[in-house]
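Everything on this sheet refers to the single structure shown next.
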Amino acid sequence: MKIFSKVINTTPDGLQRSINEKTAGLTGTSESTPNFCDKTSWYYTSIRVIDEVPVKLDAYTVQLSKYPILNLQKVTHRERMVDKILLIKKNNVVINSNFDIIPNGYSIDYINGKIIFDTDITNDDIKVSYNYIVNNVYEIVSDGASDKVITYGEIQVSDDCDLTNMYVKFEPIINNISTGGTDVVLATELNSYLDLLNISNGGTYIPKVGNDTCGYIILPMNYMNSFVIKPHGATADNVDYVHNEYNKIRISLLDNTKEINGLFTTFSLYYYIR
């Protein structure tokens with residue numbers, strides 16, 4: 001494994017990431033999966049609950065019926081997810097100032113689905129809209145009518161992770177007229193951590209620097225370079241397994257309901273729209 005030292009940028013979810021081998025001068029956009037080590041970041045398949053009346057456990061605490069619940073502070077591209085913001089109404093008035101995702105006047109136990117208020121709510125009517133977590137499935141899709149062309153992808157793993165039973169599943173999928181508008185998985189690629197090391201030619205290790213919480217292992221997925229994600233419904237003539245053109249790529253862990261024990265494991269990619 002190569003040892004590489006550089007300053008790593010901290011992304012909005014509080015994790016430090018690096019597109020380690022991005023070609024100099026490459027333009028485009030980055031995209032990252034939720035953190036496979038933190039259930040509360042698994043937004044992609046989360047389900048919305050609107051205006052639930054929670055159970056009052058005491059004068060300050062309410063219990064939601066579904067949990068864990070989504071914590072947008074743990075999501076990198078949260079600015080794209082205004083429809084997933086947790087909203088609290090007290091006597092039919094939203095108390096999240098400007099729809100803040102950072103609690104003010106209350107705290108949240110995201111794992112156990114509890115909200116603890118700073119003041120007595122005995123005589124208040126409380127309603128909560130929120131997203132609860134289902135699994136760690138993530139899909140790379142086209143954002144509209146254009147192709148998404150992947151130019152680089154990598155898996156980043158903190159060096160404190162227990163990778164003994166980590167298996168990452170990649171599924172290229174077509175969904176178009178030829179499939180009747182349903183997902184058809186073309187292949188299921190299941191890779192252990194050792195498999196990923198081999199695919200990435202041993203990977204790169206970035207030691208802990210300064211105030212970093214830990215070091216990282218970077219696993220480039222170079223075989224994904226030039227993958228093309230076609231818009232939903234693109235014709236079968238333009239989508240086939242041989243030419244690496246798909247309607248989506250699904251990424252998950254083999255057990256998609258369990259976390260990896262550690263600080264973070266994420267998949268990041270760089271792409272442009274054509």
For region 46-132, convex hull of alpha carbons as volume per residue, Å³: 84 Å³
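Taking R0 as 45 Å, what's the FRET efficiency between ALA145 and ASP125 from their Cβ-Cβ distance, rounded to 0.05? The partial results should precede the final answer.
Details: r = 44 Å, r/R0 = 0.99.
Using R0 = 45 Å, I get an efficiency of 0.50.
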- request: Over the alpha-carbon set of region 144-231, work out the extent along each principal axis and list the three values in angstrom, largest first.
  value: 52, 28, 22
query: Between region 29-89 and region 110-158, what is the C-alpha centre distance in whole Å?
result: 5 Å
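Just need the relative contact order of region 46-132 here, percent rounded to a whole number, with Cα pairs under 8 Å and 6+ apart. Walk me through the numbers before you get to the answer.
Numbers: 153 pairs, mean separation 41.9, N = 87.
Once divided by the residue count of region 46-132, the mean separation gives 48 percent.
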task: For THR151, enumerate residues with amide H under 5 Å from its amide H, sequence gap 5+ or separate chain, H modeled in the peptide plane.
output: SER226, TYR270, TYR271, TYR272
³J(HN,Hα) computed for each position of region 262-272 - Karplus, 6.51 cos²θ - 1.76 cosθ + 1.60, integer Hz, glycine/proline x: x, 6, 6, 9, 9, 10, 10, 9, 10, 8, 9
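Every number in this text was worked out from the coordinates using simple rules, so none of it is lab data. Everything quoted here is computed from the prediction, not taken from an experiment. Counting neighbours? That spans all protein chains shown, and the Cβs are built from the backbone with ideal geometry, glycine included.
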